[in-house]
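First the structure, in the form of structure tokens, and then the observations on it.
Coordinate-derived values only; no laboratory data. It should be emphasised that the depicted structure is a prediction, and the values quoted were computed from it without experimental measurement. Cβ coordinates were reconstructed from backbone atoms using ideal geometry, including for glycine residues, and neighbour counts include every protein chain displayed.
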Amino acid sequence: MGRRSIGVHSDVKNGDYRWLTVQHPEQPSFQLGLFKPGPPVHDAATAQTLREVLAKGAMPPLVLTVDDCQAAYDRMLARGVEFTQEPVKRFGTVDAGFRDPSGNGWKMVQPRR
């Protein structure tokens, strides 16, 4: 299986607001929006509440599959990604957890072999 990557589809700025979407090249009709809570969508108090709720892990994680969880972890850690969980072997797979700059939780899972 060849290497797959998610790429930026839209990156539009309007003052301090940023509209960023990413997509997989094999799924052109699906875009995932990555947003930081704040104006103009949220007032300052609501944005702070949303950041606190996200930091507590209230939202279910987004899930990525990778061929080699340990290798992906090592690459991402070297680039400054802050992980909430190092790679763990369990249930016949390997998984790791991290948060993006907006506080969204992510799980990186290596499928069973």
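Count charges around D74 for me, please; just the other residues with Cβ under 14 Å from its Cβ, Lys/Arg as +1, Asp/Glu as -1.
So the environment of D74 carries a net charge of -1.
Enumerate the amide H contacts of H9 below 5 Å, restricted to partners 5 or more residues apart or on another chain; note that Pro and chain-start residues carry no placed amide H.
Here T21, V22, Q23 satisfy the definition.
Can you sort Y73, Y17 so the residue with the fewest Cβ neighbours within 10 Å comes first?
Ordered from fewest to most neighbouring Cβ atoms within 10 Å, Y73, Y17 come out as Y17, Y73.
Under the rule a/c < 1.5 gives rounded, and otherwise a/b versus b/c splits prolate from oblate, where does the chain land using the Cα gyration tensor?
oblate
Give me W106, W19 ranked fewest to most by other Cβ atoms within 10 Å of their Cβ, as a rough exposure proxy.
Fewest-to-most ranking of W106, W19: W19, W106.
Could you give the dipole magnitude of the chain about its Cα centre, charging the beta-carbon of Lys and Arg +1 and that of Asp and Glu -1, in debye to the nearest 20? Could the numbers behind the result be given before it?
Values: 15 positive and 12 negative charges, 55 e Å.
For the chain, the charge dipole is close to 260 debye.
For the stretch 42-113, give the share of DSSP beta bridges that are antiparallel, in percent and rounded to the nearest 5; count only bridges with both residues there. Mind dumping the intermediate values first?
Numbers: 11 of 15 bridges.
Roughly 75 percent of the DSSP beta bridges within the stretch 42-113 come out antiparallel.
Find how much the distance from T65 to W19 grows on full extension, using 0.36 nm per residue of separation minus their present alpha carbon separation; answer in nm with one decimal. Write down the numbers at each step before the final one.
Details: separation 46, 0.36 × 46 = 16.56 nm, distance 2.48 nm.
Net length gain for the segment: 14.1 nm.
Gap in Å between the Cα centre of the stretch 1-49 and the Cα centre of the stretch 67-113?
First find each Cα centre; the distance between them is then 20 Å.
Which trypsin sites (Lys or Arg not before Pro) from the stretch 1-80 combine a DSSP loop assignment with at most 12 other Cβ atoms within 10 Å?
Those satisfying the criteria are R3, R4, K56, R79.
Please report F30, F98 as a ranked list, fewest other C-beta atoms within 10 angstrom at the top and most at the bottom.
Working: F30 11, F98 19.
Final ranking by Cβ density, sparse to dense: F30, F98.
Below 23 Å Cα-Cα, how many Lys pairs turn up in the chain? Only count pairs eight or more apart in sequence, or on different chains, if you could. Present the calculation step by step, with values, prior to reporting the outcome.
Values: K13/K36; K36/K56; K36/K107; K56/K107; K89/K107.
Value for the chain: 5.
If amide hydrogens are placed 1.01 Å from N in the peptide plane, which non-local residues have theirs closer than 5 Å to the one on T65?
V109
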